[in-house]
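Peer 1: Have a look at this one before I ask anything.
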Amino acid sequence: MKSNYIKIWGAQLCILASLFLAACDTLTQLGSQVGLGTPTEAEINSGLKQALEYGTSYASDRLSQEDGYLGNLAIKIAFPEEAKKVENTLRSIGLGNLCDQVITSVNRAAEDAAKEAKPIFVAAIKEMSINDVKNILMGENDAATQYFENKTTTSLETKFKPVIEGSLEKVGATKYWGDVVSQYNKVPLVKKIDPDLTSFVTQKAIDGLFYEIAKEELKIRENVTSRSTLLLQKVFGYADREKASGTTTP
């Protein structure tokens with residue numbers, strides 16, 4: 001009996017020790033950021049831009065890889081909404097493979113276009129004023145993403161559209177889409193369709209890009225371990241403290 005009591009007591013001590021060490025680790029992380037002090041205006045400017053350049057570059061690089069769009073269920077490009085009936089009809093008459101070819105090819109086109117995004121974001125970051133930087137740092141969790149949507153969407157459309165158009169031709173999407181439309185329009189009593197595939201894929205490619213950028217932004221705002229440099233730790237640690245205290249002006 002005494003032996004069992006000692007074992008139970010020992011196990012409880014181990015659990016308490018583990019909890020204590022975990023708490024110490026958390027306090028150490030927070031303490032190290034507090035110990036970095038208040039960043040200067042120049043450090044805030046440099047730190048936020050560093051984070052944004054990393055996040056946008058990482059997102060565009062990842063999406064430009066093979067299956068960057070096709071293998072990501074959150075942003076994978078499917079048939080246009082007005083063409084869902086087309087897809088369902090064609091699959092029901094044994095033309096599912098043709099539908100799959102369209103889906104693969106439009107996602108490949110988006111992956112090609114994503115390569116063009118990085119310099120557009122870099123330019124937008126360089127143009128940021130210190131007020132833009134402060135507003136983003138102290139703003140909502142998607143403040144940077146919203147900024148990029150406002151500042152870069154037109155440039156992205158201009159850059160993406162010809163790339164996607166060329167890529168759709170290269171990977172055969174235009175032909176596959178033409179075949180799909182042709183086959184569907186042969187079905188008796190259906191309403192004939194011919195949506196603009198290039199514009200549709202361009203918009204979806206841009207939507208997917210901003211979706212990934214928003215994920216990267218949230219990660220660095222909420223995850224201390226994502227702040228990979230002392231400067232990022234100092235700037236975002238400061239922002240965390242200011243928000244926690246109810247202060248929103250750096």
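Peer 1: Mind checking which residues of segment 102-119 are under 16 Å from the mean Cα position of the chain (by Cα) and under 20 Å from residue 54 (Cβ atoms)?
Peer 2: Selection gives 114, 115, 116, 117, 118.
Peer 1: Restricting attention to segment 172-190, does a residue exist that is at pLDDT 85 or above, under 27 Å from the mean Cα position of the chain (by Cα) and part of a helix (DSSP H, G or I)?
Peer 2: no
Peer 1: Between 222, 216, 212, which is modelled with pLDDT of 80 or more and under 23 Å from residue 105 (Cβ atoms)?
Peer 2: It is 212.
Peer 1: Let me spell it out: the conditions are (1) of a type in the set (Gly, Ala, Ser); (2) surrounded by fewer than 16 Cβ atoms within 10 Å (Cβ to Cβ); (3) modelled with pLDDT of 95 or more, and residue 199 meets all of them except one. Which number is the exception?
Peer 2: The single condition residue 199 does not satisfy is (3).
Peer 1: Still on this model: Can you tell me which residues in segment 140-158 are surrounded by fewer than 19 Cβ atoms within 10 Å (Cβ to Cβ) and in contact with a helix residue (DSSP H, G or I) (Cβ under 8 Å, 6 or more places away or on another chain)?
Peer 2: Hits for segment 140-158 are 140, 141, 142, 143, 149, 151, 153, 155, 157.
Peer 1: Right, another one. Has segment 141-151 got any residue that is part of a helix (DSSP H, G or I), modelled with pLDDT of 95 or more and either in contact with a Pro (Cβ under 8 Å, 6 or more places away or on another chain) or of a type in the set (Lys, Arg) (or both)?
Peer 2: Yes; the residues of segment 141-151 include at least one that is part of a helix (DSSP H, G or I), modelled with pLDDT of 95 or more and either in contact with a Pro (Cβ under 8 Å, 6 or more places away or on another chain) or of a type in the set (Lys, Arg) (or both).
Peer 1: Search segment 33-46 for residues being closer than 26 Å to residue 147 by Cβ and in a loop (DSSP other than H, G, I, E, B), and hand back the single one that is least open to solvent (accessible area, probe 1.4 Å).
Peer 2: Filtering first and then ranking leaves 39.
Peer 1: Also, quick follow-up: Tell me, which residue of segment 47-75 that is open to solvent by 60 Å² or more (accessible area, probe 1.4 Å) and either in contact with a Leu (Cβ under 6 Å, 6 or more places away or on another chain) or in a helix (DSSP H, G or I) (or both) is farthest from residue 181 (Cα to Cα)?
Peer 2: Here the residue is 50.
Peer 1: For residues in segment 127-139 being part of a helix (DSSP H, G or I) and free of Cβ contacts under 8 Å to residues at least 40 places away in the same chain, which is surrounded by the fewest Cβ atoms within 10 Å (Cβ to Cβ)?
Peer 2: It comes out as 131.
Peer 1: Continuing with this model, one more query. Any residue at all in segment 98-117 that's assigned to a helix (DSSP H, G or I), in contact with a Gly (Cβ under 9 Å, 6 or more places away or on another chain), open to solvent by 20 Å² or more (accessible area, probe 1.4 Å) and modelled with pLDDT under 95?
Peer 2: Yes, that holds for at least one residue.
The values are calculated or read from the model by the stated rules, or taken from the named source; none is laboratory data. Keep in mind that what you see is a predicted model, and the values were worked out from it rather than measured. We place every Cβ from the backbone using ideal geometry, glycine too, and count neighbours over all the protein chains shown. Ligands, DNA and RNA are stripped out before the accessible areas are found, and what is left, the full protein with its side chains, is counted by its heavy atoms. Shrake-Rupley method; radii C 1.70, N 1.55, O 1.52, S 1.80 Å.
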